[in-house]
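S.K.: What follows is a structure written as structure tokens; I'll ask about it next.
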Amino acid sequence: MNFKAAMFDFDGTLTEKGHHSPSKEIADALVNLSQKMPIGFCTGRQLESFERRALSKLLEHVSDEERPRFMENLYLFSENGAIGYDFNPAIKDFEEIYRIEWPSEFIDREKLRTILNEEVKEYGEILYNAHKIVVVMGTKFYYEDKPAIDKVYELADKIYDVVLGVLKKINPDYLKYVHVGNSGIGVIISPANGDKDEAVEQFGKFLSENRGMKFDSKYSEILTAGDSAQVGGNDFYFLSGRFGTPYSVGEILPDNPKLQSVKDENGKRILHSKGTLKLIQTLL
Ligand SMILES: [Mg+2]
């Protein structure tokens, strides 16, 4: 495949499992890739968290010479794909490309947050910090610097089960309105029409309309990479293959003929940021 753009999940894909920031190797590889093609980060995080924890780290590795192209080719799809941004170098800030609204006909967002905060309290809490569209729950360990990552994943699984129970009670047909994604470090409820697969389509459309790039109808020339492609994972829709050409660097590789993995010379799968690094190297 002749890839023309690439999209990456952030946590567990560009970072190692349990780490907040990408390694220098990954940062360098992304900067090199940005000199060749547009890059979209597609994450459950919201804009401010992405800027603080991800972008600031990447910028440390960008030389003055590389900077203009890096900025020109930088896109962010935050809140699990519900909002897309283009970085505008002229104002040195992100500008919204699109925004999918919360489905209030399902349930008022604030009301849902109040209910869930109570229901999940044994395992975690609602994160009230600045998500604009989606509803997000972090585990009890969210604010700890270096929590035991397996414990975090365990609690995220518990929160996920509680959330499904609550949503089913509100409306057994809840999937018409919202998607639930477990990123391993938290759980995100997003509008059903504003998941990460929507982000792939929006990215392709934007590049076609604004940068004169040409894609097939599935945007197959956009590579997508993530680590939570399993049912219930927050890359399930991102890596479904509805749009883009998907690669998984997660431990669980769901049975989807469209989904590819990254392997070493012995045929062993390479996971998380090491797998992503290898994938990026094939694009350079
Ligand atoms: Mg992830």
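S.K.: Of the residues 252, 222, 270, 189, which is among the β-branched types (Val, Ile, Thr) and assigned by TED's automatic domain parsing to the domain that holds residue 126?
M.R.: 189
S.K.: When only residues in the stretch 207-224 that are crowded, with 18+ Cβ neighbours inside 10 Å and of a type in the set (Ser, Thr, Tyr) count, which is nearest to the ligand (Cβ to nearest atom)?
M.R.: Once the filter is applied, the top-ranked residue is 224.
S.K.: Would you check if residue 204 is surrounded by 21 or more Cβ atoms within 10 Å (Cβ to Cβ) and modelled with pLDDT under 95?
M.R.: When the stated conditions are applied, residue 204 does not pass them.
S.K.: Sort through 145, 173 and tell me the only one that's more than 25 Å from residue 240 (Cα to Cα), surrounded by fewer than 12 Cβ atoms within 10 Å (Cβ to Cβ) and free of Cβ contacts under 8 Å to residues at least 24 places away in the same chain.
M.R.: Of 145, 173, the one residue that is more than 25 Å from residue 240 (Cα to Cα), surrounded by fewer than 12 Cβ atoms within 10 Å (Cβ to Cβ) and free of Cβ contacts under 8 Å to residues at least 24 places away in the same chain is 145.
S.K.: Counting just the residues of the stretch 2-38 that are of a type in the set (Ser, Thr, Tyr) and within 11 Å of the ligand (Cβ to nearest atom), which one comes out farthest from residue 182 (Cα to Cα)? I'd like the intermediate steps shown before the answer.
M.R.: Step one: filter the stretch 2-38 for residues of a type in the set (Ser, Thr, Tyr), giving 13, 15, 21, 23, 34.
If we keep only those that are within 11 Å of the ligand (Cβ to nearest atom) as well, we get 13, 15.
Numbers: 13: 14, 15: 17 Å.
Going through the qualifying residues, I end up with 15.
S.K.: Additional query: Would you check if residue 65 is away from the ligand (no atom under 12 Å from the Cβ), under 20 Å from residue 92 (Cα atoms), in contact with a strand residue (DSSP E or B) (Cβ under 9 Å, 6 or more places away or on another chain) and at pLDDT 90 or above?
M.R.: No; evaluated as a whole, the condition is false for this residue.
S.K.: Among the strands (runs of 3 or more DSSP E) lying completely within the stretch 83-148, list those that include at least 1 residues that are under 20 Å from residue 203 (Cβ atoms) and within 18 Å of the chain's Cα centre (by Cα). Let's see the steps before the verdict.
M.R.: Details: elements: 83-88, 93-99, 124-126, 135-139.
So the answer is 83-88, 93-99.
S.K.: Can I ask one more? Kindly list the number of the only condition in (1) in contact (Cβ under 8 Å) with a residue 40 or more places away in the chain; (2) not in a loop (DSSP other than H, G, I, E, B) that fails for residue 2.
M.R.: It fails just one condition, (2).
S.K.: More than 20 Å from residue 19 (Cβ to Cβ), of a type in the set (Gly, Ala, Ser) and surrounded by 13 or more Cβ atoms within 10 Å (Cβ to Cβ): which single residue out of 190, 183 fits that description?
M.R.: 190
S.K.: With (1) away from the ligand (no atom under 16 Å from the Cβ); (2) in contact (Cβ under 8 Å) with a residue 24 or more places away in the chain; (3) out of contact with any Phe, Trp or Tyr (no Cβ under 9 Å at 6 or more places or on another chain) as the list, and residue 247 as the residue in question, which single condition is left unmet?
M.R.: (1)
S.K.: For the stretch 27-69, which residues satisfy the criterion of being closer than 21 Å to residue 149 by Cα, part of a helix (DSSP H, G or I) and not hydroxyl-bearing (Ser, Thr, Tyr)?
M.R.: Our first condition is that a residue be closer than 21 Å to residue 149 by Cα; within the stretch 27-69, this holds for 43-45, 49-50, 53-54.
Still in the running and part of a helix (DSSP H, G or I): 49-50, 53-54.
50, 53, 54, listed by residue number.
Residue by residue, here is whether (1) under 24 Å from residue 143 (Cα atoms); (2) more than 12 Å from the ligand (Cβ to nearest atom); (3) among the polar types (S, T, N, Q) holds:
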{"position": "178", "(1), (2), (3)": "no, yes, no"}
{"position": "226", "(1), (2), (3)": "yes, no, no"}
{"position": "231", "(1), (2), (3)": "no, yes, no"}
{"position": "236", "(1), (2), (3)": "no, no, no"}
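The values are calculated or read from the model by the stated rules, or taken from the named source; none is laboratory data. Everything numeric in this text was worked out from a predicted model, so none of it was measured. So basically every Cβ, Gly included, is an ideal-geometry build from the backbone, and we count neighbours across all protein chains shown.
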